[in-house]
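Scroll down for the structure; my scribbles are underneath it.
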Amino acid sequence: MKGLAWWMLALMVSSGCATRTGNVDQRMLLPDGAARYEMEPHQAFVFPLPLDNAAPTFPVAPALREMPATTVCVAFIVDVQGVTSEVRPLEQAGCERGAPVAHLHDVVMVAVAGWRFSPAMFCEYPDAATRDRDWNGTGCAGARVQARSVPVSLAYAFTFEVRDGKGRVVSKKR
């Protein structure tokens, strides 16, 4: 699929808790130059929904008293079964990269590789009026011509910091 509905995915929001590090909120990123999928008036897109995805935990580190907020970003594919694959560091403005943050990328990529989603769906209705009437925003509902699972690319940003000796991870989808 050429484009991957990036602009629609920016609406997804979910959160969780890291066991050792405090609150974790996902922040989805729109990668620089991302392709956009244009929908026809009779079509609808259903976002992939996260299924109890464990947030990355703060990596075990020497007893740091302070560490400035450091953001690392990853991109990945959610396939038609809702399985993540091709998890990789994302390089763009606002995302740290290189050797100094390699250990942070490692813990993020391990966590994200285990994430699962209900798959994204592409819904095609006979016409725009049917779509407007039947589509419920959370699934392909009502009289439809076709409903199919589609792969999508997602990207998330994770910010690590230590304040007063306590590690914290804040993560967001991009």
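Yes or no, residue by residue, for (1) of a type outside the set (Lys, Arg); (2) in contact (Cβ under 8 Å) with a residue 12 or more places away in the chain; (3) within 16 Å of residue 158 (Cβ to Cβ):
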{"site": "80", "(1), (2), (3)": "yes, yes, no"}
{"site": "83", "(1), (2), (3)": "yes, yes, no"}
{"site": "89", "(1), (2), (3)": "yes, yes, yes"}
{"site": "96", "(1), (2), (3)": "yes, yes, yes"}
{"site": "112", "(1), (2), (3)": "yes, yes, yes"}
{"site": "121", "(1), (2), (3)": "yes, yes, no"}
{"site": "125", "(1), (2), (3)": "yes, yes, no"}
{"site": "132", "(1), (2), (3)": "yes, no, no"}
(request) Go through (1) closer than 20 Å to residue 118 by Cα; (2) in contact with a helix residue (DSSP H, G or I) (Cβ under 8 Å, 6 or more places away or on another chain); (3) modelled with pLDDT of 80 or more; (4) not small (Gly, Ala, Ser) and name the single condition residue 151 misses. (result) (2)
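May I ask you to verify whether residue 58 is among the hydrophobic types (A, V, I, L, M, F, W, C) and at pLDDT below 80?
Details: among the hydrophobic types (A, V, I, L, M, F, W, C): yes; at pLDDT below 80: yes.
Against the criterion (among the hydrophobic types (A, V, I, L, M, F, W, C) and at pLDDT below 80), residue 58 qualifies.
The values are calculated or read from the model by the stated rules, or taken from the named source; none is laboratory data. Note that the coordinates shown come from a computational prediction; the quantities given were computed from them, not determined experimentally. Cβ atoms come from the backbone with ideal geometry, glycine included; neighbour counts cover every protein chain shown.
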